[in-house]
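Okay, structure first, notes after.
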Amino acid sequence: MLKNNVYSEIFEDYDRDKAFAEKSAEKLKQRLYEKVPRLNEIEKEISAKGVELFESVLHGGDTKKFEDFKNFSNILRLERQTILKSMGMSEDTLEPQYKCKKCKDTGMIGTKKCTCFNKRLAEKYYQLSNLGDILKRENFDKFNYNIFSKTPVDNNTSPYDNIRRITTEVVFAIENIENAPLNMFFYGHSGLGKSYMCNCIAKALIDAGYFVIYMSAYKLFTTMTNVRFNNATTEEREAAKLLQECDLLVIDDLGTEGTNNSTNAEFFDILNTRLRANKSTLISANLDLGDLNRTYSERIVSRIIGNFKIFKFIGNDLRMH
């Protein structure tokens, strides 16, 4: 499974970061010890006293030795702090400078994943999503309702009220994705915010640790057709696997790819496989529902109408703003 591979890559990154931090700290220590031998002596004295205490405890020694060791080590640590301070350094200087102080670059705190693990996971998923930097610009934080007209245009509904309703349902679906897959079909003319909303959803789920893949309909069907007829590149074969494994598949610009029996078969296979696996699929299309019926097979239309929440985007082209 690709998700397992991603996890393995992250833990390999942690191993490298941890080893680098510890090796760098050891090199710095050695340079300081050569410059100020007393620092090395202090570490050896504390270590020797600790070994002595350990052996004493093993043989049922006096517990008073704990206090003696504590006082002894505190005196030496104070001396070390004074030396380092005179050199413009703190005692932390001698410790490994981990990227994450909480988990010390292991990714785990006890049996739970550290918050930095989730951040690294999101970064990996961003790289795999095919969305790149666009999610920095198109996300819920940057969403501006005020560019939508408040003038009713469709069934006495304004674009403003319509996008508010859609966003409310989208946010609810994101928050409840553990309980039910997020299967949505966005349709309407170009420039009404469908792709933008797809990107908002993608970013929210990636940030929450979900694996998201974005593909235009044209690229998706080209990839799947090439795989089926053994004309695929290595990249296309890998991409085809991701389409089945990702938590959310975003198919953008459905209807622009040009359809035939082969693309209909590929589309049905993707939809059916993901529905059976209870995985989320998000589709945006410039088609209306009548065009959908005329363009795709009855089986495909049935899957979409029966399993997807359908949202119509209305209004004038927002790109004119």
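The values are calculated or read from the model by the stated rules, or taken from the named source; none is laboratory data. All values derive from a computational prediction rather than experimental measurement. In this analysis, Cβ positions are derived from the backbone assuming ideal geometry, glycine residues included, and neighbour counts consider all displayed protein chains.
From the set of residues in the stretch 282-321 that are out of contact with any strand residue (DSSP E or B) (no Cβ under 9 Å at 6 or more places or on another chain) and of a type in the set (A, V, I, L, M), which is surrounded by the fewest Cβ atoms within 10 Å (Cβ to Cβ)?
It comes out as Met320.
Which one of Phe185, Phe221, Phe268 is more than 17 Å from the chain's Cα centre (by Cα), in a strand (DSSP E or B) and over 22 Å from Lys142 (Cα atoms)? Spell out the reasoning first.
Numbers: Phe221 fails: in a strand (DSSP E or B); Phe268 fails: in a strand (DSSP E or B).
After applying the criteria, what remains is Phe185.
Enumerate the pairs (first residue in the stretch 9-21 and β-branched (Val, Ile, Thr); second residue anywhere and assigned to a helix (DSSP H, G or I)) with beta-carbon separation below 8 Å, excluding pairs fewer than 6 apart on the same chain, so at least 6 apart or on different chains.
The qualifying pairs are Ile10/Phe117; Ile10/Arg120; Ile10/Leu121; Ile10/Lys124.
Answer yes if at least one residue in the stretch 311-320 is more than 28 Å from Asn118 (Cβ to Cβ), among the hydrophobic types (A, V, I, L, M, F, W, C) and at pLDDT below 90, and no otherwise. Break it down into steps so the answer makes sense when it comes.
Start the filter on the stretch 311-320 by keeping residues that are more than 28 Å from Asn118 (Cβ to Cβ), which leaves 311-320.
Checking the rest, the ones that are also among the hydrophobic types (A, V, I, L, M, F, W, C) come to 311, 313-314, 318, 320.
From what's left, at pLDDT below 90: 318, 320.
Yes, some residue in the stretch 311-320 is more than 28 Å from Asn118 (Cβ to Cβ), among the hydrophobic types (A, V, I, L, M, F, W, C) and at pLDDT below 90.
Restricting to the stretch 34-48, what's the tally of residues that are in contact with a Ser or Thr (Cβ under 7 Å, 6 or more places away or on another chain) and over 12 Å from Arg77 (Cα atoms)?
Selection size over the stretch 34-48: 0.
Any residue in the stretch 244-271 that's at pLDDT 85 or above: show its pairings with residues that are crowded, with 16+ Cβ neighbours inside 10 Å and of a type in the set (Lys, Arg) at Cβ separation under 6 Å, as long as the two are six or more apart or on different chains.
These pairs meet every condition: Leu271/Arg303.
Kindly indicate whether Ile213 is touching a His at 6+ places or on another chain (Cβ under 7 Å) and hydrophobic (A, V, I, L, M, F, W, C). Lay out the reasoning, then the answer.
Working: touching a His at 6+ places or on another chain (Cβ under 7 Å): no; hydrophobic (A, V, I, L, M, F, W, C): yes.
Judged against the criteria, Ile213 is not a match.
Within the set of pairs 6 or more residues apart or between chains, which connect a residue that is under 15 Å from Arg274 (Cα atoms) and outside any loop (DSSP other than H, G, I, E, B) inside the stretch 301-321 to a residue that is modelled with pLDDT under 95 and of a type in the set (Phe, Trp, Tyr) with Cβ atoms less than 8 Å apart?
Note: pairs meeting the criteria are Arg303/Phe268.
For the stretch 140-156, check the following and say yes or no: at least one residue is within 30 Å of Lys241 (Cβ to Cβ) and crowded, with 17+ Cβ neighbours inside 10 Å. Step through it out loud before you land on a result.
So the first thing to find is which residues in the stretch 140-156 are within 30 Å of Lys241 (Cβ to Cβ), and the list is 140.
Applying the additional criterion that residues be crowded, with 17+ Cβ neighbours inside 10 Å yields none.
Within the stretch 140-156 (the criterion being within 30 Å of Lys241 (Cβ to Cβ) and crowded, with 17+ Cβ neighbours inside 10 Å), the answer is no, since none of the residues qualifies.
Please give the number of the condition Leu121 fails out of (1) modelled with pLDDT under 95; (2) surrounded by fewer than 17 Cβ atoms within 10 Å (Cβ to Cβ); (3) within 27 Å of the chain's Cα centre (by Cα).
All conditions are met except number (2).
Under the condition of being touching a helix residue (DSSP H, G or I) at 6+ places or on another chain (Cβ under 6 Å) and hydrophobic (A, V, I, L, M, F, W, C), which residue from the stretch 202-217 is surrounded by the most Cβ atoms within 10 Å (Cβ to Cβ)?
Once the filter is applied, the top-ranked residue is Val212.
Being polar (S, T, N, Q) and either surrounded by 16 or more Cβ atoms within 10 Å (Cβ to Cβ) or in contact with a Gly (Cβ under 7 Å, 6 or more places away or on another chain) (or both) is the filter here; which residues of the stretch 227-273 pass it? Quick ask: steps written out before the conclusion?
Within the stretch 227-273, the subset polar (S, T, N, Q) is 230-231, 233-234, 244, 256, 259-264, 272-273.
Those that are polar (S, T, N, Q) and either surrounded by 16 or more Cβ atoms within 10 Å (Cβ to Cβ) or in contact with a Gly (Cβ under 7 Å, 6 or more places away or on another chain) (or both): Thr259, Thr263, Asn264.
Among the residues in the stretch 247-265, are any assigned to a helix (DSSP H, G or I) and either within 22 Å of Tyr125 (Cβ to Cβ) or under 27 Å from the mean Cα position of the chain (by Cα) (or both)? Write out each step before concluding.
Residues of the stretch 247-265 that are assigned to a helix (DSSP H, G or I), as a first pass: 261-265.
With the extra rule that they be either within 22 Å of Tyr125 (Cβ to Cβ) or under 27 Å from the mean Cα position of the chain (by Cα) (or both), the set shrinks to none.
The answer is no, given that none of the residues of the stretch 247-265 is assigned to a helix (DSSP H, G or I) and either within 22 Å of Tyr125 (Cβ to Cβ) or under 27 Å from the mean Cα position of the chain (by Cα) (or both).
Answer yes or no: is there a residue in the stretch 153-166 that is within 19 Å of Ile134 (Cβ to Cβ) and either part of a helix (DSSP H, G or I) or aliphatic (A, V, I, L, M) (or both). Outline the logic, then answer.
Looking only at the stretch 153-166, we keep the residues that are within 19 Å of Ile134 (Cβ to Cβ), and these are none.
There is no residue in the stretch 153-166 that is within 19 Å of Ile134 (Cβ to Cβ) and either part of a helix (DSSP H, G or I) or aliphatic (A, V, I, L, M) (or both).
So which residues in the stretch 129-139 are within 30 Å of Asp15 (Cβ to Cβ) and surrounded by 17 or more Cβ atoms within 10 Å (Cβ to Cβ)? Steps first, please.
In the first step, residues of the stretch 129-139 are kept if they are within 30 Å of Asp15 (Cβ to Cβ); the result is 129-133, 135-136.
Listed by number, the residues that qualify are Ser129, Asn130, Leu131, Leu135.
Asn130 passes all but one of (1) outside any loop (DSSP other than H, G, I, E, B); (2) in contact with a strand residue (DSSP E or B) (Cβ under 8 Å, 6 or more places away or on another chain); which number fails?
Only one criterion is unmet by Asn130, namely (1).
Just to be sure I understand, how many residues within the stretch 98-118 are surrounded by fewer than 13 Cβ atoms within 10 Å (Cβ to Cβ) and either closer than 24 Å to Ser216 by Cα or among the charged types (D, E, K, R) (or both)?
3
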